DNA sequence: CGAGCATTTGAGCGAGATCAAACGGAGTGG
DNA sequence: CCACTCCGTTTGATCTCGCTCAAATGCTCG
């Protein structure tokens, strides 16, 4: 049974920055491990919120479906990230969370998390930090959807993925997409054919290579240049010292 | 000097649901009142985060500017709402906050807020709730920008404004827009001409009337119908009982 | 090896952008 | 009080990026 104190991703997760002793207390919040197969649902809108989930292996997507069936993917979630945090204070889930490949998760009990974070400021602070980062990420996505061209969106997507993977110890310039062109399109507000065409275009220009879902970022400087003019400065979100 | 315990908007703000005694402790966090004139800036990206702000009078917008000058407005903020909450755990602001009309704000000291919320679970819980609501709102906006047609966006915008105003005791079906067509466009990922055309179209169809910035929602049922098929169910975010 | 799904690529179309011009209301100064 | 000016807004004409429709190709996994 894995424990927070030996988890590779502890520094991205609830125990971030904690002493070994506090980390063990966080460990006690994990009331189970969950295995999901590709395509399986973790929760759907309306489900009671009794837990949030930390990804140990695999990737998930979270999405909203309109009444007439259009789908907006609001997040792709990598190992070490939390899923369901936005509903920590709600009684019902609002998103639909689905595994994009076989995945294993820690199930963090919400009542226990609430109780412990009242007594453990470092934990409380980490929850706030993770939720704030979610808001900051969503603001970036609003900018992506609101003002960027299709090509800029695709580049922003690849660079975001690259940065998150490399922060987790994976290769920054060579990785495998876990999602279909259609899912990328849904995330970026574009159609799958547009994603495909732009991947081809970027590959023709020598900026990337892409075979099926295997991506290599070949000309990082050129990609950054496209991205740079389209995004605001991104100040690093240093956690401000909490006393 | 206004105090939380007598503030009209206390139930939307940090002291929501608190006892009179706790409310007075929250009051002590307010280290100043700020007056802004129309067009004045509250903070810009990079500013140190020493306070968050509660709006007592007026409206603000928060926006991101890309390096090449495109602007994405990420929020319009009404009286009773907090501004700057997303940077509570950061050292620097990431947004640009600007008054859209003369405004008066409470300045909530962040170190004091952090210190008090470690000792006042109800406050800590309210901060989480407000931040979660921010995430939920942003997810709705991602859906608006990602999958809705221009007309659906404009209707969603008017209905969102109406709901927020009526929750604050203002008229639900007759109000004055505090922002230009260009700002609405920036918020919705559209151009000002498109906003203008769609207002005219909705007015021609008898769904609204609009004279300059004075809006009346004439056919709420028809507006809701357009909105309904374009949005997911919106479960009310009841605060889950904290212990 | 075959079925089903994901992807690529082409052709034509359309919603919203862009460019342009006229209009109108609020504020200012004579 | 009126005239003038500056924005914000409306409306029209045209253009274009990304969508839609369609068909071929290629993985992946039983």
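Tabulated data
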| read-out | value |
| --- | --- |
| Value at 222 nm in deg cm²/dmol, rounded to 500, when DSSP H runs of n ≥ 4 in the protein assembly as shown each add -39,500 (n - 2.57) | -12500 deg cm²/dmol |
| Value of D in µm² per second that Stokes-Einstein yields for region A:1-85, Kirkwood Rh from Cα pairs, at 10 °C (1.306 mPa s) | 110 µm²/s |
| Most mobile of A:62, A:19, A:143 in a GNM of chain A (Cα contacts under 10 Å) | A:19 |
| Per-q log10 I(q)/I(0), region B:128-243, q = 0.12, 0.14, 0.17, 0.22 Å⁻¹ (Debye; single scatterer per alpha-carbon; no solvent) | -0.45, -0.61, -0.88, -1.42 |
| Exercise: per-residue mean of other protein chain Cβ atoms within 10 Å, B:144-150 | 6 |
| Shielding score for B:114-123, defined as the mean number of other chain Cβ atoms within 10 Å | 3 |
| Fewest-first sequence of A:166, B:91 by Cβ atoms within 10 Å of each Cβ | A:166, B:91 |
| Two-site label geometry, residue B:216 and residue B:192: point separation in nm, points 7 Å out along Cα→Cβ | 2.7 nm |
| Estimated Rh, the protein assembly as shown: Kirkwood, alpha-carbon pairs, angstrom | 23.5 Å |
| Per-residue Cβ neighbour rank within 10 angstrom, fewest leading, B:220, B:18 | B:220, B:18 |
| At q = 0.10, 0.21 Å⁻¹, base-10 log of I(q)/I(0) for region B:71-195 (Debye sum, equal scatterers on each alpha carbon) | -0.38, -1.42 |
| Centroid-to-centroid separation of region A:65-93 and region B:74-101 [C-alpha atoms, Å] | 23 Å |
| Ascending count of other beta-carbon atoms within 10 Å, so fewest first, for B:107, A:114 | B:107, A:114 |
| Two-decimal ratio, chain B, of alpha-carbon radius of gyration to 2.2 N^0.38 Å | 1.04 |
| Rounded if a/c under 1.5, otherwise prolate or oblate - region B:165-207, Cα gyration tensor axes | oblate |
| Whether region B:124-195 is rounded, prolate or oblate, judged on the alpha carbon gyration tensor where a/c under 1.5 counts as rounded | oblate |
| GNM result for chain A, Cα springs below 10 Å: residue of A:118, A:22, A:50 fluctuating most strongly | A:118 |
| Average projected area [Cα convex hull, region A:14-148], square nanometres | 8.7 nm² |
| Inter-part distance where region B:153-167 and region A:115-136 are each reduced to a Cα centre, Å | 31 Å |
| Interatomic Cα distance distribution for region B:98-152, bins of 10 angstrom, percent | 19, 27, 32, 17, 4 |
| C-alpha long axis of helix A:121-147 to longest principal axis of chain A, angle in ° | 20 degrees |
| Degrees between helix A:150-167 axis and first principal axis of chain A (Cα, 0 to 90, nearest 10) | 40 degrees |
| GNM flexibility winner over chain B from B:195, B:55, B:210 (Cα, springs under 10 Å) | B:210 |
| Separation between Cα centres of region A:188-237 and region B:26-48, rounded to whole Å | 38 Å |
| Angle between chain A longest axis and helix A:110-119 axis [Cα atoms, degrees, rounded to 10] | 70 degrees |
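Coordinate-derived values only; no laboratory data. Because the structure is predicted, anything quoted here is derived from the model rather than measured. Methodologically, a virtual Cβ is constructed for each residue, glycine included, from the backbone with ideal geometry; neighbour enumeration extends over all protein chains shown.
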